[in-house]
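Structure first, commentary second.
The values are calculated or read from the model by the stated rules, or taken from the named source; none is laboratory data. Computed from a prediction, not measured in an experiment: that's the story for all the values here. Counting neighbours? That spans all protein chains shown, and the Cβs are built from the backbone with ideal geometry, glycine included. For accessibility, only protein heavy atoms count, side chains too; no ligands or nucleic acids. Shrake-Rupley method; radii C 1.70, N 1.55, O 1.52, S 1.80 Å.
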Amino acid sequence: MHSTRALLDFLNQTSPFELQEAWDNSGLILGDLKSNFQHIYLSLEVTQEVLESAKKDSVLITHHPLIFSPLKVLNFAQYPAKLLQIAIKKNIQLIAMHTNFDKTHFGSYITSTILGIKNYSQQGFAILFCWEDSFESLCDFIKEKFHLNTLKITKSHTKTPQRVALITGSGASFIRNIPEIDCLITGDIKYHDAMEAFALNINLIDCGHYELECYFGKILAPILTNAGYKVIISESQNPFSFV
């Protein structure tokens, strides 16, 4: 058996929870610091499938918190209470590592390990690098590395080289806050984000939220393993399909 407090302390050393954004809810979502557990599961999301496949007396560490805002009612027929009920019945504790993990691990892993780009810098959530070829070649490169057939893009100019920012998850709101970039790679880009990017002469590449963050378990697993924990990656599936 392992101590929940010791695990949370280790995770805090790995990626300090104090780095999370004010609106975030990283840390212990469900559980008790005085409790113990037998198994650790890693997943991008808390889903019914992940909870049902997990053994009792476990800890499930996810990137996205199951609870963002305070809950006034626990209606077990609705989300997220339905999932909380399953976790409580099986004594599964929930821990989230969200915006703190974005700042300490996610962007650099995607850039260096998935894209293979070694020359980059970091500014908060954003990873910055220079692409010495055309925008079209950057799109082809992104599709190849993320194994995507298509990308959603907005093309504002054809400048070469491209000064690129990459933000995992949903980062379009940062368009106006990152100075002197030519292209932003992120997920969940909306119509009005695209209009703003056109006005600022910035190219956009939308890889998809899940596609950028499905690596959470792969990043955290070796860190926990090296600390003596045994972990099981039980990844949630992409909620979207394409027809």
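Things worth noting here:
- Taken over the range 186-204, the criterion of being within 18 Å of N238 (Cβ to Cβ) and among the β-branched types (V, I, T) is satisfied by T186, I189.
- For the range 114-137, filtering for residues that are open to solvent by 50 Å² or more (accessible area, probe 1.4 Å) and farther than 14 Å from C183 by Cα leaves 6.
- If you check L28, L60 for being closer than 18 Å to I233 by Cα, modelled with pLDDT of 95 or more, touching a Leu at 6+ places or on another chain (Cβ under 7 Å) and not small (G, A, S), only one passes: L60.
- With respect to (1) within 28 Å of D57 (Cα to Cα); (2) not in a loop (DSSP other than H, G, I, E, B); (3) not polar (S, T, N, Q), the lone exception for I153 is condition (1).
- Scanning the range 45-94 for residues that are of a type in the set (V, I, T), surrounded by fewer than 20 Cβ atoms within 10 Å (Cβ to Cβ) and in contact with an Asp or Glu (Cβ under 8 Å, 6 or more places away or on another chain) yields a count of 1.
- Looking at the range 46-149, the strands (runs of 3 or more DSSP E) lying wholly inside it that each contain 1 or more residues that are of a type in the set (S, T, N, Q) sit at 58-62, 93-96, 121-123.
- Residues that are surrounded by 18 or more Cβ atoms within 10 Å (Cβ to Cβ), free of Cβ contacts under 8 Å to residues at least 40 places away in the same chain and among the acidic types (D, E), drawn from the range 187-243: D193
- Long-range neighbours under 7 Å by Cβ, at least six apart or interchain, first residue under 15 Å from I185 (Cα atoms) within the range 112-124, second open to solvent by 70 Å² or more (accessible area, probe 1.4 Å) and part of a loop (DSSP other than H, G, I, E, B): S112/K118
- If you check T104, T160, T111, T168 for being hydroxyl-bearing (S, T, Y), open to solvent by 60 Å² or more (accessible area, probe 1.4 Å) and at negative phi, only one passes: T160.
- Summed over the range 140-150, residues that are among the hydroxyl-bearing types (S, T, Y) and either open to solvent by less than 10 Å² (accessible area, probe 1.4 Å) or closer than 22 Å to H63 by Cα (or both) total 0.
- Residue count, the range 13-43 (criterion: loosely packed, with under 15 Cβ neighbours inside 10 Å and out of contact with any Ser or Thr (no Cβ under 8 Å at 6 or more places or on another chain)): 4
- Inter-residue pairs, beta-carbon under 6 Å, first in contact (Cβ under 8 Å) with a residue 12 or more places away in the chain and within 15 Å of T111 (Cβ to Cβ) and in the range 130-157, second part of a loop (DSSP other than H, G, I, E, B) and open to solvent by less than 70 Å² (accessible area, probe 1.4 Å), 6+ apart: C130/P161; W131/P161; K145/L115; F146/C207
- Looking only at the range 31-45, and only at residues there that are part of a loop (DSSP other than H, G, I, E, B) and more than 14 Å from A87 (Cβ to Cβ), the one that is modelled with the lowest pLDDT: Q38
- Single residue of the range 171-186 satisfying the filter (open to solvent by less than 10 Å² (accessible area, probe 1.4 Å) and hydrophobic (A, V, I, L, M, F, W, C)) that is farthest from the chain's Cα centre (by Cα): C183
- Given (1) assigned to a strand (DSSP E or B); (2) small (G, A, S); (3) out of contact with any strand residue (DSSP E or B) (no Cβ under 8 Å at 6 or more places or on another chain), number of the condition S173 does not satisfy: (1)
- Unique match (being touching an Asp or Glu at 6+ places or on another chain (Cβ under 7 Å) and among the β-branched types (V, I, T)) among I185, I175: I175
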